[in-house]
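What follows is one structure encoded as structure tokens, with my remarks underneath.
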Amino acid sequence: MKNFQRNLFIVLAIGLCGACAYQWYLQAVQLNTIESLNQRIYQQSADIQGYTNSIKTMDSEISQLHDRITQLKQAAVSNDQWAITEKREVARLQSSGDLMSNEVVEYKTALEGLTNKLQQAYDGEKELVTQRDEFVKKLNDSIKSQNDLTAKYNELVERINKLQAATNAPSK
């Protein structure tokens, strides 16, 4: 029996050692699992922090984009008002241009009429110049014939004066 107890004791000691080894193995696996889970938690925590930072950055960007959209909307409204003003100005200028075109046509018509009248006046003036030249020629001819007649009259008067002076002179 002594042997039996000793054997039992050895078996129990070996069993207990095996149980301890198995428990160490299980604890090592659990520690690895815990370490793995801790790493996952750490990674997830870092990811969450990164996502939180990303969300904050996106919130900031969204706020900036919202402000930019507001500015662009204001610029669009301003541009629309400017476009309406420019369209009105273009319409006014087109209307003014049409009126000016009509006036140009009227001025061209009036100019053509005046040009025709000036041409007629110029042609009439040519006729008047021709008539004047003919009249001046006739007047010059008339004056020349009157001058010749006056010269002949003066010669005649001079002869008569000489004859009278000769007849009135006392005889010697």
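Per-residue accessible area (protein heavy atoms, 1.4 Å probe) orders Thr52, Thr167 as Thr167, Thr52, starting from the largest.
Across the options Leu12, Ile41, Ala75, the greatest Cα extent toward the positive end of the charge dipole of the chain (unit charges at beta carbon of Lys, Arg, Asp, Glu) belongs to Leu12.
Expressed in Å, the radius of gyration and Dmax of the Cα atoms of the chain are 69.0, 237. Among Val129, Val105, Val157, the largest mean-square fluctuation in a Gaussian network model of the chain, built with springs joining Cα atoms closer than 10 Å, belongs to Val157.
So how far, in whole Å, is the C-alpha centre of the range 130-172 from the one of the range 24-46? Computed from Cα coordinates, the inter-centre distance equals 159 Å.
Overall, the accessible surface of the chain at a probe of 1.4 angstrom is composed of carbon and sulfur to the extent of 60 percent.
Think of the chain as having a plus end and a minus end, set by charges on the Cβ of Lys, Arg, Asp and Glu; of Gly50, Gln164, Asn102, Gly50 sits farthest toward the positive end of this dipole. Heavy-atom accessible surface of the range 1-125, averaged per residue, reaches 92 Å², computed with a 1.4 Å probe.
Calculated FRET efficiency, Asn102 to Gln131, Cβ-Cβ distance, R0 = 45 Å: about 0.60 to the nearest 0.05.
Starting from the Cα-Cα distance between Tyr122 and Asn147, subtract it from 0.36 nm times their residue separation and give me the gain in nm to one decimal. Display every interim value, and only then the final one.
Values: separation 25, 0.36 × 25 = 9.00 nm, distance 3.55 nm.
Result: 5.5 nm gained on full extension.
Most fluctuating residue of Lys162, Lys126, Lys73 in a GNM of the chain with Cα springs under 10 Å: which is it? Highest fluctuation among the options: Lys162. In summary, the lysines within cross-link reach of Lys56, defined as a Cα separation below 26 angstrom excluding same-chain residues under 8 places away, comprise Lys73. In straight-distance terms, cross-link reach from Lys117 covers every one of the lysines whose alpha-carbon lies under 27 Å from its own, apart from those fewer than eight places away in the same chain; here that gives Lys108, Lys126. Using a probe of 1.4 Å, the accessible surface attributed to Leu114 totals some 100 Å² when neighbouring protein chains are kept in position.
Across Asp98, Asp59, Asp133, mean-square fluctuation computed from a Gaussian network of the chain (C-alpha pairs under 10 Å connected) peaks at Asp133.
Kirkwood hydrodynamic radius for the range 71-172: how many Å is it when counted over pairs of different Cα atoms? Before the final figure, lay out each step's value.
Numbers: mean 1/r = 0.0445 Å⁻¹.
For the range 71-172, the Kirkwood estimate is 22.5 Å.
Based on Cβ point charges of +1 for Lys and Arg and -1 for Asp and Glu, what charge dipole magnitude is obtained for the chain about its Cα centre, in debye rounded to the nearest 20?
Working: 20 positive and 21 negative charges, 98 e Å.
Dipole size: approximately 480 debye.
The values are calculated or read from the model by the stated rules, or taken from the named source; none is laboratory data. Computed from a predicted model, the values in this text were never measured in an experiment. We place every Cβ from the backbone using ideal geometry, glycine too, and count neighbours over all the protein chains shown. Ligands, DNA and RNA are excluded from the accessible area calculation, which covers all protein heavy atoms including side chains. Shrake-Rupley method; radii C 1.70, N 1.55, O 1.52, S 1.80 Å.
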